[in-house]
Amino acid sequence: MAQPKRRWSKARTHLKRSTWKIENPAIATCAHCHEPVQPHRACSNCGYYNGKQVVEVKNDEK
């Protein structure tokens, strides 16, 4: 297997790693209750996904 002739410099390593960053998650709104929710996930507030209730949500009222 081929081996590198030289070691990468620290500057080149830092340039390569400079694009590794944390991105903000995508946020959409629930069509049923208009709460913010991640796309392609069931809403944790009402339990709806794609116009149908897929998760039973417990309401803890005190």
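Picking from Gln3, Pro25, Cys43, whose Cα lies most toward the positive end of the charge dipole for the chain (charges on Cβ: Lys, Arg +1; Asp, Glu -1)? It is Gln3.
Counting helices only, and only those DSSP H runs with n ≥ 4, report the 222 nm mean residue ellipticity of the chain as the sum of -39,500 (n - 2.57) divided by its residues, in deg cm²/dmol to the nearest 500.
Numbers: 1 runs with 8 residues, N = 62.
Here the helix-only value at 222 nm equals -3500 deg cm²/dmol.
Here the Karplus curve 6.51 cos²θ - 1.76 cosθ + 1.60, taken at θ = phi - 60°, turns the phi angles of region 2-19 into couplings of 5, 10, x, 6, 10, 7, 5, 6, 5, 5, 5, 5, 5, 5, 5, 7, 5, 8 Hz, with x standing for Gly and Pro. Put in line by how crowded their Cβ is, counting other Cβ atoms within 10 Å and starting with the fewest, His32, His14 read His14, His32.
Sorted from greatest to least, the principal axis extents spanned by the alpha carbons of the chain come out as 65, 28, 23 Å. Counting other Cβ atoms within 10 Å as a rough exposure proxy, the listed residues Trp20, Trp8 run Trp20, Trp8 from fewest neighbours to most.
Computed from the coordinates by the stated procedures, all read-outs in this text should not be read as laboratory data. Keep in mind that this is a model prediction, so the values were computed, not measured. In this analysis, Cβ positions are derived from the backbone assuming ideal geometry, glycine residues included, and neighbour counts consider all displayed protein chains.
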